[in-house]
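Reading through the structure tokens given below for one structure.
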Amino acid sequence: MSEAEVRPASRLSDRLETIHALLRQRHDRLDPDRDVHDDDGAALNTIEAELQGRLDELHPADLADLLESLPLEDRLAVWQRVRSDRDGEILLEVSDSVRESLIADMDDREILAAVEPLDAEEIADLVDDLPTEVLPELMASLDAQERERVQAALSYADDQVGSLMDFDMVTIREDIRLEVVLRYLRRFDELPAQTDKLFVVNADHVLTGVLPLHWLLVNSPDRMVHEIMAPDVNTFHPEDDAYDVAQAFERYDLVTAPVVDGHMRLIGRIAVDAMIDLIREEGETEALSRGGLREEEDIFASVWKSVRNRWAWLAINLVTAFIASRVIGLFEHSIEKLVALAALMPIVAGIGGNSGNQTITMIVRAMALEQVGVSQVTRLWRKELAVSLFNGLVWGGAIGVVAWLLYGSVSLGLVMTAAMTLNLLLAAFMGVGIPMLMTRMGRDPALGSSVLITAVTDSGGFFIFLGLATLFLL
């Protein structure tokens with residue numbers, strides 16, 4: 001592994017900051033409004049040369065991070081300086097939204113040159129983002145086996161194992177000695193990435209077991225493969241849910257696992273790097289969904305693209321905010337008579353929203369890990385309502401004391417305590433109910449959850465607090 005492939009975070013951060021500084025210097029030198037100096041040409045050439053050298057040192061994943069952190073103009077300037085033999089690897093690493101901008105800057109010849117050297121499963125990952133006119137020529141450039149593998153990967157949904165499996169693996173027969181296996185392995189220039197075991201198959205390519213590499217190394221070369229191999233209990237099918245498989249990788253500390261068909265014939269493998277990418281993408285998608293964002297967004301995307309991504313839940317939020325304002329409007333006369341209500345009611349709504357988001361985060365996470373389901377909603381309500389009742393009495397009592405000391409009214413303090421407790425109970429009820437209802441409707445339980453719980457606790461908190469104040473204080 002080269003030095004560029006493994007770097008401490010601090011060194012990487014320094015290198016990226018240096019590149020950002022070089023880009024700023026380059027931008028300044030190219031600014032048409034600045035005064036021209038005799039040494040501008042030489043200085044620009046020096047900057048360009050150092051920038052190129054710095055870019056060549058970076059690992060593709062680090063280059064992807066750099067490209068995602070740059071505005072479009074600088075991003076394309078860097079992209080044009082990336083060596084063509086690294087284009088494909090970088091396209092795999094960047095986010096979908098940034099990949100779109102990079103591919104748009106490439107002509108058909110450059111796209112084909114970047115994609116053709118990739119493995120079948122990597123090509124399948126990029127196919128949806130490639131221009132339609134490039135695909136026939138790309139498929140024609142592949143040999144029959146690679147073309148078949150690409151088509152196989154494309155035949156599965158994005159959330160199935162078949163779309164993530166790779167075909168680069170080492171298989172051996174069970175009726176040979178370990179000495180033969182060692183000689184066979186020495187013929188490879190390098191083993192496939194993440195190779196921790198060899199897959200043992202029979203003449204019909206049916207998986208019969210696995211041979212971990214460390215078992216191969218510590219056993220006598222005269223022993224037979226079938227004597228020391230282990231039957232692999234962690235086998236998966238291409239139709240399996242990829243997230244379930246990712247959980248199995250985490251549970252059993254897997255590095256690779258075989259993918260078999262219905263007859264136990266080995267058709268591919270799934271590796272831990274694909275699972276890590278999947279888990280990261282799931283986490284990012286869930287975070288975006290909670291905020292009401294429809295899809296991943298390039299932070300430097302055009303205004304119009306960002307507007308399209310964000311408008312739907314903002315419209316919903318506008319409606320819910322209007323409802324909250326009308327709730328306050330119902331109690332205008334109460335607020336006029338007791339101005340302290342206006343100062344205290346945001347506290348009730350804010351604490352309720354925070355508590356509701358805590359509950360909904362816990363429930364969504366537990367549902368994603370398949371620890372809870374819709375059938376357990378009653379038990380979850382009991383638990384979360386009990387937690388909220390305790391928190392409401394404790395923290396509601398604390399803020400009630402503060403209200404009493406500030407405004408000299410015991411009644412106001414009691415109303416504050418009661419309102420806080422009731423709103424926390426409402427937050428707990430909805431924090432469990434919203435993701436459960438979304439799941440029952442066949443929707444992502446995280447979708448817009450943060451927006452919805454905030455809307456409920458705001459409107460509910462205002463109504464509870466102002467209603468109690470109207471009944472008992474005025």
- Quick one: which residues, 5+ away or cross-chain, put their amide H under 5 Å from the amide H of Val372? H built at 1.01 Å from N. Met367
- Item | the range 171-290: antiparallel DSSP beta bridges as a percent of all, rounded to 5 | 75 percent
- Query: For the chain, what does the alpha-carbon gyration tensor say about shape, rounded, prolate or oblate, given a ≥ b ≥ c as the root eigenvalues, a/c under 1.5 as rounded, and a/b over b/c as prolate?
  - Reply: oblate
- Item | Accessible carbon and sulfur surface of the chain relative to its total accessible area, %, 1.4 Å | 56 percent
- Message: Suppose we keep just the DSSP beta bridges with both residues in the chain; what percent of those would be antiparallel, to 5?
- Response: 80 percent
- Item | Packing-based ranking, highest mean first, of 169-175, 370-376, 265-271 given that Cβ atoms within 10 Å are counted | 265-271, 169-175, 370-376
- Task: Among Ala324, Leu130, Val372, pick out the residue whose Cα is farthest towards the positive end of the charge dipole of the chain, where Lys and Arg carry +1 and Asp and Glu carry -1 on C-beta, about the Cα centre.
- Result: Ala324
- Order the peptides 441-449, 328-336 from the highest to the lowest mean number of other Cβ atoms within 10 Å of their residues. 441-449, 328-336
- Task: Would you mind checking the tilt of helix 272-290 against the longest principal axis of the Cα atoms of the chain, expressed as 0 to 90 degrees and rounded to 10?
- Result: 20 degrees
- Message: How would the range 160-213 be classified by its alpha-carbon gyration tensor: rounded, prolate or oblate, with rounded meaning a/c under 1.5 and the a/b versus b/c comparison settling the rest?
- Response: oblate
- Item | Fully extended contour minus Cα-Cα distance, from Val303 to Ser325, at 0.36 nm per residue | 5.0 nm
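For the chain, what is the mean residue ellipticity at 222 nm derived from helices alone (per DSSP H run of n ≥ 4: -39500 (n - 2.57); sum divided by total residues; nearest 500 deg cm²/dmol)?
Values: 21 runs with 304 residues, N = 474.
Value at 222 nm, helices only, nearest 500: -21000 deg cm²/dmol.
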- Query: So how far, in whole Å, is the C-alpha centre of the range 52-123 from the one of the range 373-443?
  - Reply: 49 Å
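Between Ala113 and Val218, what length comes free when the chain is fully extended (0.36 nm per residue of separation minus the Cα-Cα distance, one decimal in nm)?
Between Ala113 and Val218, full extension yields 33.5 nm more.
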- Within the range 351-391, whose backbone N sits under 18 Å from a point 7 Å along Cα→Cβ of Arg251? 365-374
- Item | Set of lysines near Lys197 by C-alpha distance (under 22 Å), chain-local residues within fewer than 8 positions excluded | none
- Given a cut-off of under 8 Å on Cα pairs at least six residues apart, what relative contact order in percent is computed for the chain? 11 percent
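Going by a ≥ b ≥ c, the root eigenvalues of the Cα gyration tensor, does the range 303-472 fall in the rounded group (a/c under 1.5), the prolate group (a/b larger than b/c) or the oblate group?
Numbers: a/c = 2.67, a/b = 1.43, b/c = 1.88.
Since a/c reaches 1.5 but b/c is at least a/b, the shape of the range 303-472 is classed as oblate.
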- Task: Give me the number: length gained by fully extending Glu57 to Ser411, i.e. 0.36 nm times residue separation minus the C-alpha to C-alpha distance, one decimal in nm.
- Result: 120.5 nm
- Item | Vicinal HN-Hα couplings computed from phi for the range 152-161 (Karplus, 6.51 cos²θ - 1.76 cosθ + 1.60; Hz; Gly/Pro x) | 5, 5, 6, 6, 9, 5, 4, 9, 10, 4
- Message: Starting from the 7 Å offset along Cα-to-Cβ, what nm value, one decimal, do you get for the label separation of Arg379 and Trp395?
- Response: 2.7 nm
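The values are calculated or read from the model by the stated rules, or taken from the named source; none is laboratory data. Not measured: the values here are computed from a predicted model. Neighbour counts are summed over all protein chains in view; Cβ atoms, including those assigned to glycine, are modelled from backbone coordinates with ideal geometry. Ligands, DNA and RNA are excluded from the accessible area calculation, which covers all protein heavy atoms including side chains. Shrake-Rupley method; radii C 1.70, N 1.55, O 1.52, S 1.80 Å.
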